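K.L.:
This is the structure I have questions about; it appears just below.
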Amino acid sequence: MTTSPTSQDDKPVAPLSLGILISGRGSNMKAIYGAIQDGEINAHIAVVVSDNPESEGLAWAAANGLKTASFSRQAFAKKSDFETAILKTLADHGVDWVVLAGYMRLVGKTLLTPYQGRMVNIHPSLLPAFPGLHAQAQALAYGVKVSGCTVHLVDNTMDGGPIIAQEVVPVLPEDTVASLSDRILSVEHVLFSRVLKVISQGF
Ligand code: GRF
């Protein structure tokens, strides 16, 4: 009996090679790592790339034996040069899919074009509501009664690509940005892994 993941037509599917891009804490990256370790996602993390050499998530990735690389935007004259360096790292590690897990930059054409349709992002709102920064604060200020998170394919707009999946959480009268962010984050961790599981099954 085989335990290999199979596609819809029952052919075995090779593990996905993921490149995870982060800027900070990396809790979504950690959740994805855990889901891979648990055998839930048929993938391996080929490399973790950060635009912030000091990011907590990058240190965690290195301490857990993952390959890491970091590139400061300031070290490059042009955004396209910065993205060419990231792209080369992804190619050197044989990355199939790029996962933006708290990568706080708009992806430019240089990086997007080779991975268009194979790059996913998670955003802490029910898009198309509240794209960009401070989505949870925007949701509170607007007075919405539900919010949540969205996993979408990346295109050349800010948080605007085709939606793959969403998860909803309530917004409570006593919520602060911190409490709402925590509630959304807990469903982000589950939703992102669920989407990557489906992608890793070859759908
Ligand atoms: C998450 O809220 C994600 O939706 C947003 O940035 C945050 C990253 O958190 N894009 P973490 O670094 O994964 O902990």
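K.L.:
For the chain, with a Gaussian network of springs between Cα atoms less than 10 Å apart, report the residue from 98, 47, 13 with the top mean-square fluctuation.
P.N.:
13
K.L.:
Along each of the three principal axes of the Cα atoms of segment 24-126, give the extent in whole Å, ordering the values from largest to smallest.
P.N.:
The Cα atoms of segment 24-126 stretch 41, 32, 29 Å along their principal axes.
K.L.:
Regarding segment 92-203, what is the average projected area of its C-alpha convex hull, in nm²?
P.N.:
On the way: hull surface 28.6 nm².
Across all orientations, segment 92-203 yields a mean hull projection of 7.2 nm².
K.L.:
Then there's this: Kindly provide the helix-only [θ] at 222 nm of the chain, computed as the sum of -39,500 (n - 2.57) over DSSP H runs of four or more divided by all residues, to the nearest 500 deg cm²/dmol? Write down the numbers at each step before the final one.
P.N.:
Values: 6 runs with 72 residues, N = 203.
Using -39500 (n - 2.57) per qualifying helix, the result is -11000 deg cm²/dmol.
K.L.:
Treat each spin label as a single point 7 Å out from the Cα along the C-beta direction, and report the residue 144 to residue 30 distance in nm.
P.N.:
Computed distance between label sites residue 144 and residue 30 equals 2.6 nm.
K.L.:
Along the Cα→Cβ direction, 7 angstrom out, place labels at residue 176 and residue 72. What is the inter-label distance in nm?
P.N.:
Between residue 176 and residue 72, the label points sit 3.3 nm apart.
K.L.:
While we're here: Report, in cubic angstrom per residue, the convex hull volume of the C-alpha atoms of the chain. Don't skip to the answer; put the middle values down first.
P.N.:
On the way: hull volume 26.4 nm³, N = 203.
So the per-residue hull volume is 130 Å³.
K.L.:
Per residue of segment 20-32, what does 6.51 cos²θ - 1.76 cosθ + 1.60 with θ = phi - 60° give for ³J(HN,Hα)? Whole Hz please, x for Gly and Pro, Karplus curve as stated.
P.N.:
Once θ is set to phi - 60°, the couplings for segment 20-32 become 9, 9, 9, 10, x, 4, x, 5, 5, 4, 5, 5, 5 Hz.
K.L.:
What is the set of long-range amide H partners of residue 164 at a cut-off below 5 Å, with H atoms built 1.01 Å from backbone N?
P.N.:
Long-range HN contacts for residue 164: 151, 152, 153.
K.L.:
So who's got an amide H within less than 5 Å of the one on residue 104, skipping anything under 5 residues away but keeping other chains? H placed 1.01 Å off N, in plane.
P.N.:
Residues meeting the criterion, in which the H sits 1.01 Å from N, are 23.
K.L.:
Another question about this same structure. Would you work out the Kirkwood radius for segment 137-203? I mean one over the mean of 1/r across all pairs of different Cα atoms, in Å.
P.N.:
Computed over segment 137-203, the radius equals 13.1 Å.
K.L.:
Identify which of 48, 107, 144 has the largest mean-square fluctuation in a Gaussian network model of the chain, with springs joining Cα atoms closer than 10 Å.
P.N.:
Greatest mean-square fluctuation among the candidates belongs to 144.
K.L.:
Check residue 147: other-chain or 5+ apart residues with amide H under 5 Å from its amide H, H built from backbone geometry?
P.N.:
169, 171
K.L.:
Taking springs between alpha-carbon atoms closer than 10 angstrom, which of 53, 114, 131 fluctuates most in the Gaussian network model of the chain?
P.N.:
Among 53, 114, 131, the largest GNM mean-square fluctuation belongs to 114.
All of the numbers you see were taken from the coordinates with simple rules; none came from a lab. What you are looking at is a predicted structure, and each value in this text was computed from that prediction instead of being measured. Quick reminder, even Gly has a Cβ in these numbers, built from the backbone with ideal geometry, and neighbours come from all protein chains shown.
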